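Notes for the one structure printed next.
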Amino acid sequence: MLLLACCLLAPVAPLWAHCEIPCGIYGDEARFVAIAEDLTTIEKSMTQIAELAGQSDAQSANQLARWVANKEEHANRIQHVVTQYFMTQRLKEVEEGDEGRAAYNEKLVLLH
């Protein structure tokens, strides 16, 4: 009984996915805004990484590690949105030989 109570009361990690149903509710513009913000953060991180790369003191090394982690986090956000939202929810496969297959292939290339 105690084990069951602990399992029910244990903190649960939040889910950030749009949805996996798919629900049919799309907010592409919001996704583009979020991607643009992530890109800006990545660019700033890259600038800071370049500035700190030549430093040898401990504080610079610490800051460098933090900027690299920040850059990677925002890159992962973009990857998640592109794969889980655009590719999974918005891009439907077109069979080989069917009309629209060329457009489907072009979209796949752009999203990769």
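The values are calculated or read from the model by the stated rules, or taken from the named source; none is laboratory data. Note that the coordinates shown come from a computational prediction; the quantities given were computed from them, not determined experimentally. In this analysis, Cβ positions are derived from the backbone assuming ideal geometry, glycine residues included, and neighbour counts consider all displayed protein chains.
Do the conditions hold for residue 49, that is, is it in contact with a Phe, Trp or Tyr (Cβ under 9 Å, 6 or more places away or on another chain), of a type in the set (Val, Ile, Thr) and modelled with pLDDT of 95 or more? Spelling it out, residue 49 is indeed in contact with a Phe, Trp or Tyr (Cβ under 9 Å, 6 or more places away or on another chain), of a type in the set (Val, Ile, Thr) and modelled with pLDDT of 95 or more. Scanning the range 69-112 for residues that are modelled with pLDDT of 85 or more, loosely packed, with under 14 Cβ neighbours inside 10 Å and hydrophobic (A, V, I, L, M, F, W, C) returns 69, 102, 103. In the range 68-108, the qualifying residues are those that are outside any helix (DSSP H, G or I) and among the aliphatic types (A, V, I, L, M), and the one that is farthest from residue 33 (Cα to Cα) is 94. Restricting attention to the range 1-46, and to residues there that are in a loop (DSSP other than H, G, I, E, B) and surrounded by 10 or more Cβ atoms within 10 Å (Cβ to Cβ), which single residue is modelled with the lowest pLDDT? Per the stated criteria, the residue is 17.
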